[in-house]
Amino acid sequence: MRVVVTRPMRSGQKTATLLRERGHEAILLPLTEAVHKAEAAREALTRQPDALAVTSAEAIRALMSSGIDLSGHLDRPLFAVGAATAQAARECGFETVITGEGDGEALAQLVKTTLTPDGQVSSAKSPAAHVLYLAGRPREGGFENTLAQSAITLDVAEIYEMQPVSWEGAALRAVLDIPPDAVLLYSRETARIFFDLVQAHDLAPLLHTSRFICISEKVLDVVPTPHRSRACASTTPSEHAMLQLLDRGAGT
């Protein structure tokens, strides 16, 4: 199957390797690229939190590219969404990485149960745990919104931004000229960008048989109605689950 990968180039290349191992042809179509904010990361780490939280491996890459001496922070517990993000944190040197499966909301629940056992409420004798969320922009806000309902003190530092990649119509048409069998959509933002480009450059006829594999129901909601019958969402928000959906559609 010809499979379009809409992740940023670095992550997309890893996905392409997985696809080739499964016998598919990977078509890289990066729709966003990361801009790291070293000064924001440096300032954030002066706050001396009890624990760190990340919902994307891009936050770890932003730390590593910042030039900051992380040695004084690597012994802090770090909460991470998914195995890939957790592995990136360990490779960065973090000693205690607590992995949550699912999305930002699920990670927030894990943080709450870990740092406020038995629903403890902060007091003068038992102050609230202080968590620093190393976040990106744009994001859905599920992590901080969920933690807002707890006794935990949360700081949010935006240390990277995902910016749209500029694609000209001719370049897009060259990528999609042989209609893809499937398109992998990893976030609401990339789904929105993808279908905006399709509409702007009149590319819908090239996708009339394509399947759209979404990482979650939230992403599926962005798929326009004309394509919705050929779209599906993984039951768990992970790339592994997306590739299982893809393989089932391919009959493998």
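The values are calculated or read from the model by the stated rules, or taken from the named source; none is laboratory data. None of these values were measured; they are calculated from a predicted model. We place every Cβ from the backbone using ideal geometry, glycine too, and count neighbours over all the protein chains shown. All accessible areas refer to the heavy atoms of the entire protein, side chains included, with ligands and DNA or RNA removed. Shrake-Rupley method; radii C 1.70, N 1.55, O 1.52, S 1.80 Å.
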Kindly evaluate residue 225 against the criterion of being open to solvent by 10 Å² or more (accessible area, probe 1.4 Å) and within 24 Å of residue 22 (Cα to Cα). no
Qualifying positions in the stretch 1-36 - open to solvent by 60 Å² or more (accessible area, probe 1.4 Å), of a type in the set (Lys, Arg) and over 17 Å from the mean Cα position of the chain (by Cα): 20, 22
When residue 91 is evaluated against the numbered criteria (1) at pLDDT 95 or above; (2) touching a strand residue (DSSP E or B) at 6+ places or on another chain (Cβ under 6 Å), which criterion, by number, is the only one it fails? (2)
Output yes when any residue across the stretch 138-148 is over 15 Å from the mean Cα position of the chain (by Cα) and hydroxyl-bearing (Ser, Thr, Tyr), and no when none is. yes
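To keep it simple, each residue is scored yes or no on (1) outside any loop (DSSP other than H, G, I, E, B); (2) more than 19 Å from residue 142 (Cα to Cα).
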residue	(1), (2)
199	yes, yes
205	yes, yes
219	yes, no
223	no, yes
227	yes, yes
235	no, no
242	yes, yes
Examine the stretch 145-165 for a residue that is buried (at least 17 other Cβ atoms within 10 Å of the Cβ), under 18 Å from residue 7 (Cβ atoms) and among the hydrophobic types (A, V, I, L, M, F, W, C), and state whether such a residue exists. yes
